[in-house]
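Single-structure report; data block below.
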Amino acid sequence: MDPPESLLTAELIEAQIGGLIKVHEAIEQRKLFILDYHDLLLPFVSKVREIEGTTLYGSRTLFFLTPDGALRPLAIELTRPPIDGKTQWKQVFTPSDHSTGLWLWMLAKAHVLAHDSGYHQLVSHWLRTHCVTEPYIIAANRQLSVMHPIFRLLHPHFRNTMEMNALARESLINAGGTIESSFSPGKYAMEICSFAYDKLWRFDLEALPNDLIRRGMAFEDPTAPHGLKLTIEDYPFAK
Ligand SMILES: [Fe+2]
């Protein structure tokens, strides 16, 4: 069994923050953020790597919220599970001024961006906006009178979704289609999508403000407008 522990240690993070603040203080002050594609992608790494011309890692990226409200990437951990008799491989990359370190940092960032754009299209976009809405549209049309106030309320939001989803099944998410040929998970794209649905989708946590609180983007504060405060002020989606 390979160690599940991350190599992103307190010492490493403090060195990157520049010794200004301890890790536990940064967490308490909600200044530390993680973009976590470790658990979601790791189970797919071995089989995706069998596809010619692509590769995959699990990734964890840490960010520090600077006083001017920007998210500064501190470190990236890439992980490859045991494969072909080789043990687990795991490495942390950090920003660097030296040529080799700089290129490694840029390559690590390129991997994370590939993970993030894949996640955005497969999970945030296809799954969480198009796909999960479909059962509600079908159920509403089958079960509610067109005069029912809930039906009237929902109806404008259902516009075009079924048609778009049908088109997507035909030429976007279909086997060998645009998604499978453009994103690194290849033919496993839809499997990752349903894996994410199983692991992450919770009816009671999808709407605002619960979604923001769950993701650490806001916290409850009875004195604040709407009863919650954003951890990153400049966040138009939340606003
Ligand atoms: Fe869309």
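The values are calculated or read from the model by the stated rules, or taken from the named source; none is laboratory data. Here the structure is a predicted model, which means the values were calculated and not measured. Every residue, glycine among them, receives a Cβ derived from its backbone with ideal geometry; neighbour counts consider all protein chains shown. In case anyone asks, the SASA skips ligands and DNA or RNA and just uses the protein heavy atoms, side chains included. Shrake-Rupley method; radii C 1.70, N 1.55, O 1.52, S 1.80 Å.
Listing for the model above:
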{"read-out": "Portion, in percent, of the accessible area of the chain that falls on carbon or sulfur, probe 1.4 Å", "value": "58"}
{"read-out": "Equivalent ellipsoid dimensions for segment 1-120 as semi-axes, Å, which come from the Cα gyration tensor, largest first", "value": "27, 15, 14"}
{"read-out": "Length gained when the stretch residue 141-residue 27 is fully extended (0.36 nm per residue, less Cα-Cα span)", "value": "36.4 nm"}
{"read-out": "Residue 124 accessible area, assembled protein chains, probe 1.4 Å, Å²", "value": "40"}
{"read-out": "Degrees between helix 38-49 axis and first principal axis of the chain (Cα, 0 to 90, nearest 10)", "value": "90"}
{"read-out": "Column: log10 I(q)/I(0), Debye, Cα scatterers of segment 172-223, q = 0.29 Å⁻¹", "value": "-0.99"}
{"read-out": "Bins of 5 Å from zero: percent of alpha-carbon pairs in segment 1-65", "value": "4, 14, 21, 18, 14, 11, 9, 6, 2, 0"}
{"read-out": "³J(HN,Hα) computed for each position of segment 84-99 - Karplus, 6.51 cos²θ - 1.76 cosθ + 1.60, integer Hz, glycine/proline x", "value": "6, x, 8, 6, 4, 10, 8, 8, 9, 10, 10, x, 8, 9, 8, 4"}
{"read-out": "Longest exposed-site-free window of the chain, the sites being GluC sites (Glu not before Pro) in a DSSP loop that have at most 12 other C-beta atoms within 10 Å", "value": "53-232"}
{"read-out": "Where Rh is the Kirkwood radius over Cα pairs, Rg/Rh for segment 49-118", "value": "1.03"}
{"read-out": "Other-chain or far-sequence residues with amide H under 5 Å of residue 228's (modelled H)", "value": "221"}
{"read-out": "Over the chain: helical MRE at 222 nm, DSSP H runs n ≥ 4 each giving -39500 (n - 2.57), nearest 500", "value": "-11500 deg cm²/dmol"}
{"read-out": "Over segment 97-239 - Rg/Rh using Cα atoms and the Kirkwood inverse-distance radius", "value": "1.06"}
{"read-out": "Computed accessible area, residue 214, all protein chains, 1.4 angstrom probe, square angstrom", "value": "100"}
{"read-out": "Listed pairs 187/239; 22/86; 31/109; 109/199 exceeding 28 Å between Cα atoms", "value": "187/239; 22/86"}
{"read-out": "Translational diffusion coefficient (Stokes-Einstein; Kirkwood radius from C-alpha pairs) of segment 150-196 at 4 °C, 1.567 mPa s, in µm²/s", "value": "107"}
{"read-out": "Ratio of Rg to Rh over the chain (Cα coordinates, Kirkwood Rh, two decimals)", "value": "1.02"}
{"read-out": "Segment 173-206 and segment 1-68: distance between their alpha carbon centers, rounded to Å", "value": "22"}
{"read-out": "Where labels lie 7 Å past Cα in the beta-carbon direction, separation of residue 134 and residue 50 in nm", "value": "2.6"}
{"read-out": "Rule-of-thumb Rg ratio for segment 108-159 [Cα; 2.2 N^0.38 Å; N residues]", "value": "1.67"}
{"read-out": "Residue 75 long-range amide H proximity, modeled H, under 5 Å", "value": "62"}
{"read-out": "Rough spin-label spacing in nm, given labels placed 7 Å along Cα→Cβ, for residue 163 and residue 106", "value": "4.5"}
